[in-house]
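None of the figures in this text is laboratory data; all of them are computed from the coordinates on show. Just so we're clear, the structure is a prediction, and the values are computed from it rather than from any experiment. All Cβ positions, even for glycine, are placed from backbone atoms using ideal geometry, and neighbour counts span all protein chains on display.
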Amino acid sequence: MKVNAVFSGFSVDDQAKAKDFYTNIVGLTLDSEEMGLNFKLPQGGTVFVYEKPGHQPATYTALNLVVDDIDAAVDELTSKGVTFEHYDNMPAKQDEKGIMRSPDPAKYGPSIAWFKDPAGNILAVLQDDMKQ
């Protein structure tokens, strides 16, 4: 099999709200609106967001946004009205901002904070702690 391209996608219940959220709140670049919303991703690739009747929010993290400074990213998103999720079943306790700070990135993964888009899909900002 020869694969020519790869992209990921997920559904939303309101394309106009998704367009506003992903461009103005998250800061992704809209590439096209053909059959849905095609967003360019940093370092290449795309994600396709489409309106679906009967949409059910993803129960997993649909999109991970890697940032240099998780505190700055959480503060910026919070200032734009984003609310961060708090979960009880994490390997480390989340702080008041909703950030789960990794005690050992090699063992537990990066520091991460989860939030939802207007359609209820779970997204995350995470800091590449291995580069720190």
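Assorted remarks:
- Per-residue Cβ neighbour rank within 10 angstrom, fewest leading, L65, L30: L30, L65
- K97/N24 FRET efficiency (R0 22 Å; Cβ-Cβ; nearest 0.05): 0.55
- Ordered by the number of other Cβ atoms lying within 10 Å of each residue's own Cβ, fewest first, D95, D75 fall into the sequence D75, D95.
- Of V49, V82, V66, V3, the sequence from fewest to most neighbouring Cβ atoms within 10 angstrom is V3, V66, V82, V49.
- When Rg/Rh (Cα atoms, Kirkwood Rh) is computed from the coordinates, the matching label among [x] 0.98; [y] 0.92; [z] 1.39 is [x].
- Summing Lys and Arg as +1 and Asp and Glu as -1 over all other residues whose Cβ lies under 13 Å from the Cβ of I25 gives a net charge of +1.
- Only helices enter this figure: runs of n ≥ 4 DSSP H residues, each worth -39500 (n - 2.57), summed and divided by the residues of the chain, yield -3500 deg cm²/dmol at 222 nm to the nearest 500.
- Sparse-neighbour loop sites [GluC sites (Glu not before Pro); the range 27-107; at most 13 other C-beta within 10 Å; DSSP]: E33, E34, E85, E96
- Nearest-ten-degree value, helix 70-79 long axis tilted from longest Cα axis of the chain: 60 degrees
- You can think of it this way: the chain between Q43 and A16 has 7.2 nm of extra reach, that is 0.36 nm per residue less the Cα-Cα gap.
- Neighbours of S79, meaning other residues whose beta-carbon lies under 14 angstrom from its beta-carbon, give a summed charge of -1 when Lys and Arg score +1 and Asp and Glu score -1.
- Lysine pair count for the range 8-131 (Cα-Cα distance under 25 Å; residues 8 or more apart in sequence or on different chains): 24.
- K116 sits among other residues whose Cβ lies under 14 Å from its own Cβ, and their net charge, with Lys and Arg +1 and Asp and Glu -1, is -2.
- Placing +1 on each Lys and Arg Cβ and -1 on each Asp and Glu Cβ, with no other charges, gives the chain a dipole about its Cα centre of roughly 360 debye.
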